[in-house]
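To start, the structure under review is shown below, and the notes come after it.
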Amino acid sequence: MKLAALVTSLAVAAPAALAFAPSSNPVTGRTQQLAAASQFENEIGAQAPLGFYDPFNVVADDTTENFSKWREIELKHGRVAMLAFTGYITTLAGARLP
């Protein structure tokens, strides 16, 4: 019985360990993605660990004007989200308007 449990656990664990094995292909999707986004790598917000981070390739072949528009929209939505969170915490603390 213990041997069957051991064999079963090894059969399940072996494929899971392969998920963390290094890729044999040196050119991965991440490398191609970084090469595509290289025109925006010197913008404000691109920092050392990740560089320019665009996981969905939204601005991969975009213009600088559209990049500025996307950045402005992101800032606006972030500010609205911060205001909404502040309002939620304020009412949760018990402060109510008359």
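Summed over region 45-65, residues that are open to solvent by less than 70 Å² (accessible area, probe 1.4 Å), within 18 Å of L75 (Cα to Cα) and either of a type in the set (D, E, K, R) or not in a loop (DSSP other than H, G, I, E, B) (or both) total 1. Within region 17-40, does at least one residue satisfy the condition of being part of a loop (DSSP other than H, G, I, E, B), under 18 Å from the mean Cα position of the chain (by Cα) and at pLDDT below 90? Yes, the conditions are met somewhere in region 17-40.
The values are calculated or read from the model by the stated rules, or taken from the named source; none is laboratory data. Here the structure is a predicted model, which means the values were calculated and not measured. Accessible surface is based on the protein model in full, side chains and every heavy atom, while ligands, DNA and RNA are left aside. Shrake-Rupley method; radii C 1.70, N 1.55, O 1.52, S 1.80 Å.
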